[in-house]
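Structure first, then comments.
We did not get these values from a lab; they are worked out from the coordinates using the rules stated. Model, not experiment: these values are computed from the prediction. Here the Cβ positions follow ideal geometry from the backbone for every residue, glycine too, while neighbour counts run over all protein chains shown.
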Amino acid sequence: MADHICPVWVGYLLASPVRRIFQSPDKIVGPHVKEGMTVLDMGCAMGFFSVPMATMVGADGRVVCVDVQEKMLESLRKRAVKAGVDDRMNVLNCAENETGLEHLRGDVDFALAFAMVHEVDDPEALIRQIHSLLKKGGHLLVAEPRGHVSSGEFDDTLRWSAEAGLTTVDRPAIGRSHAALLKKSD
Ligand SMILES: C[S@@+](CC[C@H](N)C(=O)[O-])C[C@H]1O[C@@H](n2cnc3c(N)ncnc32)[C@H](O)[C@@H]1O
């Protein structure tokens, strides 16, 4: 695995309940995820956001969880079973530069890319792929860690997003992060 990718041992730290003190899934994604939605968690790791989002979408919704590291996904699958939400989760291992999600084109109501864009080889291509998967009017919440990503680098992400057709509609305050809520134009 490339050296810019989050190691599996950090995945365990990211999935720790202690993280909820400064990054609460209820506060961060709760306002955007509703029952019955199709949600994408891009770079989901061990599912710190995926598992709560699976509760939020209910039995009629689904959360598509995608990561390049199978070891992260193995742990996520166990956590999903333990939480009783595995029935509404699709957990998929993708390639570095290809999501493999063409079957979801135009189906996704809400996508999350949390602390992952800076790890991707070709972030512009990733943003274009996420745009193609969103419904018209669907949203992408992108957040990047202030410790690893400068304001200027995050501005680049927002510029690539605008070029792909994703308009910034909010700049939510998220602990230790740069963040933006983007909308696919109608
Ligand atoms: C820092 S972790 C963040 C995980 C999770 N979003 C969270 O906030 O807990 C970044 C994750 O993105 C994944 N990742 C990196 N590049 C990726 C890519 N091109 N496609 C999908 N996942 C990727 C890594 O394997 C890692 O699990």
Spelling out what I want: for every residue of the range 85-91, take phi, set θ = phi - 60°, compute 6.51 cos²θ - 1.76 cosθ + 1.60 (Karplus), and round to whole Hz; glycine and proline get x. 10, 5, 5, 10, 10, 10, 10
Just how large is the dipole of the range 26-115 about the Cα centre, in debye to the nearest 20, putting +1 at every Lys and Arg Cβ and -1 at every Asp and Glu Cβ? 320 debye
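How large is the helix-only mean residue ellipticity at 222 nm for the chain, computed as the sum of -39500 (n - 2.57) over DSSP H runs with n ≥ 4, divided by its residue count, in deg cm²/dmol to the nearest 500?
Values: 6 runs with 58 residues, N = 186.
Counting only the DSSP helices, I get -9000 deg cm²/dmol.
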Name the cysteines of the chain that stand alone by the Cβ rule: no other cysteine Cβ under 4.7 angstrom. Cys6, Cys94
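Provide Rg over Rh for the chain; use the alpha carbon set for both Rg and the Kirkwood Rh (inverse mean inverse pair distance).
Working: Rg = 14.9 Å, Rh = 16.2 Å.
Looking at the chain, the ratio lands at 0.92.
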Low-density loop positions, trypsin sites (Lys or Arg not before Pro), the range 1-80 - DSSP coil, at most 15 other Cβ in 10 Å: Lys34
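Let's see if you can work this out: charge +1 on each Lys and Arg Cβ, -1 on each Asp and Glu Cβ, no other charges. What is the dipole magnitude of the range 27-184 about its Cα centre, in debye to the nearest 20?
Rounded to the nearest 20 debye, it is 660 debye.
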Rounded to the nearest 0.05, what FRET efficiency do Ala162 and Val10 give with R0 = 35 Å and r taken as the Cβ-Cβ distance? Could you check? 0.70
Along the range 98-107, what does the Karplus equation 6.51 cos²θ - 1.76 cosθ + 1.60 (θ = phi - 60°) give for ³J(HN,Hα), rounded to whole Hz, x for Gly and Pro? 8, 6, x, 10, 4, 5, 9, 3, x, 9
Cut-off under 5 Å, modelled amide H: who pairs with Leu40 long-range: Val64, Phe110, Ala111, Leu112
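Of the beta bridges DSSP finds with both residues in the range 56-186, what % are antiparallel, to the nearest 5?
Details: 12 of 23 bridges.
Expressed as a percentage, antiparallel bridges in the range 56-186 total about 50.
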Footprinting exposure proxy for Trp160, Trp9 (fewest neighbouring C-beta atoms within 10 Å first): Trp9, Trp160
In whole Hz, the Karplus estimates of ³J(HN,Hα) for the range 32-46 (6.51, -1.76, 1.60; θ = phi - 60°; x where Gly or Pro) are 10, 9, 10, 4, x, 6, 9, 10, 10, 10, 8, x, 6, 6, 8
For Gly138, which sequence-distant residues (separation of 5 or more, or a different chain) have an amide H within less than 5 Å of its own amide H, given hydrogens modelled in the peptide plane? Lys184
Residues meeting the amide H criterion for Met89 (H placed from the backbone, H to H distance under 5 Å, 5 or more places apart or on another chain) are Val63
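Taking a 29 Å limit on the Cα-Cα distance, which of the listed pairs Lys27/Lys136; Lys78/Lys184; Lys34/Lys184; Lys71/Lys136 fall beyond it?
Correct reply: Lys78/Lys184; Lys71/Lys136.
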Could you tally the net charge around Arg88, taking each other residue with its Cβ under 9 Å from the Cβ of Arg88, Lys/Arg +1 and Asp/Glu -1? -2
The range 65-113: GluC sites (Glu not before Pro) in DSSP loop, at most 16 other beta carbons within 10 Å: Glu96
